[in-house]
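The values are calculated or read from the model by the stated rules, or taken from the named source; none is laboratory data. Everything numeric in this text was worked out from a predicted model, so none of it was measured. Quick reminder, even Gly has a Cβ in these numbers, built from the backbone with ideal geometry, and neighbours come from all protein chains shown. Side chains included, ligands, DNA and RNA excluded: accessible areas come from the protein's heavy atoms. Shrake-Rupley method; radii C 1.70, N 1.55, O 1.52, S 1.80 Å.
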Amino acid sequence: EDQVTQSPEALRLQEGESSSLNCSYTVSGLRGLFWYRQDPGKGPEFLFTLYSAGEEKEKERLKATLTKKESFLHITAPKPEDSATYLCAVQTFSGNTPLVFGKGTRLSVIA
Amino acid sequence: EAGVVQSPRYKIIEKKQPVAFWCNPISGHNTLYWYRQNLGQGPELLIRYENEEAVDDSQLPKDRFSAERLKGVDSTLKIQPAELGDSAVYLCASSLDRVGADTQYFGPGTRLTVL
């Protein structure tokens, strides 16, 4: 059974304090690993897709990396507007199959 | 480009009452998903459509839940009768059926409260 575990469950950072969120996964065959951001009362907003180990993608203060067993979302010099829940999801080798999500990491950035 | 549209945004009903949710996917997206998200959890798939065909409904509680996607565009998810445990956010997502371009884009969701 495909599983996704995210840690920590919650993270509180001071503005400018860099950190990383972890997503470990167990799947039969990884088609892609997705990162989404979810603000309270809103749907998940797409951030990145990673397809193979060693791949990295960046967007503003966020950088996502992928190994064969886990992915990291690095947040550099975060700002209060980065506060949100970050969801990790995996998709197996069938294309357009449903995403299997982790429970998310709730990030709070304090000014 | 308009995103995934869902309505209503909020719904409060008494248990045993029926309820329906509507979704309009991104134009041109032939794959449509309904997910349910409980508080503090990630979304979980209820049903997936490719065009108008339901290709994965294994997680849909068929005794009370039903869905349709007429003409392969808009979709409706219905619950009848609703139970207390159905309180959750119901998310609709859509994607293109194309390798390398199959990112799922989500709507804002419908928050259902069953009293």
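Could you give me the ³J(HN,Hα) list for the stretch A:80-90, computed from phi with Karplus coefficients 6.51, -1.76, 1.60 and θ = phi - 60°, whole Hz, x at Gly and Pro?
In residue order, the calculated couplings are x, 6, 7, 5, 4, 9, 9, 10, 10, 9, 10 Hz.
Using alpha-carbon positions, what is the distance between the centroids of the stretch B:1-80 and the stretch A:35-111, in Å?
Rounded to whole Å, the Cα centres lie 24 Å apart.
Which percent, nearest 5, of DSSP beta bridges in chain B are antiparallel?
Roughly 90 percent of the beta bridges in chain B run antiparallel, per DSSP.
With a 1.4 Å probe and all protein chains kept in place, how much accessible area does residue B:22 have, in Å² rounded to the nearest 10?
90
Place +1 on the Cβ of every Lys and Arg and -1 on the Cβ of every Asp and Glu in chain B, take the dipole about the Cα centre, and give the residue among B:45, B:26, B:85 whose Cα lies farthest towards its positive end.
Farthest towards the positive end: B:85.
List the lysines whose Cα sits under 28 Å from the Cα of residue B:16, skipping any in the same chain fewer than 8 residues away.
Straight-distance partners of residue B:16: A:42, B:62, B:78.
Within chain A, which is the longest segment containing none of the trypsin sites (Lys or Arg not before Pro) that sit in a DSSP loop and have at most 12 other Cβ atoms within 10 Å?
Longest site-free region, per DSSP loop and neighbour criteria: A:1-67.
Once you put a point 7 Å from the Cα of residue B:78 and another 7 Å from the Cα of residue A:108, both along the Cβ direction, what distance in nm separates them?
4.3
Using the basic label-point model (7 angstrom from Cα toward the beta carbon), what is the residue A:45 to residue A:12 distance in nanometres?
Inter-label distance under the simple model: 2.4 nm.
Which distance in nm do the two modelled labels at residue A:57 and residue B:71 give, with both placed 7 Å along the Cα-to-Cβ direction?
Each label point lies 7 Å from its Cα, and together they span 3.3 nm.
Dipole of the stretch B:5-98, Cα-centred, from +1 at each Lys and Arg C-beta and -1 at each Asp and Glu C-beta, to the nearest 20 debye?
300
Test of the criteria: in the stretch B:7-103, which GluC sites (Glu not before Pro) are in a DSSP loop and have at most 15 other Cβ atoms within 10 angstrom of their Cβ?
B:14, B:52, B:83
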